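Engineer: I have a structure I would like to understand better, so I am pasting it below and will then ask my questions one at a time.
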Amino acid sequence: MDSFYKKYYLGVKKFVSQKIDDEGLVEELTNDIMMAAMVCRSNFNGDCNEFSWICSIAKHKIIDYYRKKKLKMILFSISDEFEEIADKALTPERDVLKNELKEEIKKTLAELSKGYKDILRLKYIEGMKINEIAINLKLTGKAVESKLIRAKKKFREAWVYDQKKD
């Protein structure tokens, strides 16, 4: 097992570092990937070379990382630059994950009341400022801010995309 780890560790680390810019995270994911490969090594059937098999494990771990960590962080920090942040944060898996995320956002929005859905749409999809939303909805700026806070809270409560069900 020790020689297996030594044989592939640097190659896997280089592979991961091409996808992720954070050195500490690269180290952590590389160790997770190597442990997963060692645990599942008996499942390796030899259809490809061993390093390619480990890289496929790495791809899945990287996708899981973005799905569970980055997407949740991006979503709940909701900002006007959502698309720009998502584009920078996600690597080649970006399009698949982004489309999956958009579908889950649509499903979650559909569960909200019309008022909450409308205010979130105006703010985060149409990119309107608080005062523009206030004029559009015939409310005060403070009322819009309060309603927006409540709408985001309801959205978070309804959000189930990356939450495991027990």
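Engineer: Under the Karplus relation 6.51 cos²θ - 1.76 cosθ + 1.60, θ = phi - 60°, what is the ordered set of whole-Hz ³J(HN,Hα) values for the range 116-126, x standing for Gly and Pro?
Structural biologist: 5, 4, 5, 5, 5, 4, 4, 6, 9, 9, 8
Engineer: Can you figure out the FRET efficiency of N136 with L25, using R₀ = 35 Å and their beta-carbon distance, to the nearest 0.05?
Structural biologist: 0.25
Engineer: I would also like to ask the following. Return the sequence-ordered ³J(HN,Hα) values of the range 37-54 in whole Hz as given by the Karplus equation 6.51 cos²θ - 1.76 cosθ + 1.60 applied to θ = phi - 60°, using x for Gly and Pro.
Structural biologist: 5, 5, 5, 9, 4, 5, 7, 5, 9, x, 5, 9, 6, 4, 5, 4, 4, 5
Taken together, the values in this text are just the output of simple stated rules run on the coordinates, not laboratory data. The model shown is predicted, which means the values in this text are computed figures rather than measured ones. Cβ sites come from the backbone with ideal geometry, for glycine too, and all protein chains shown count toward neighbours.
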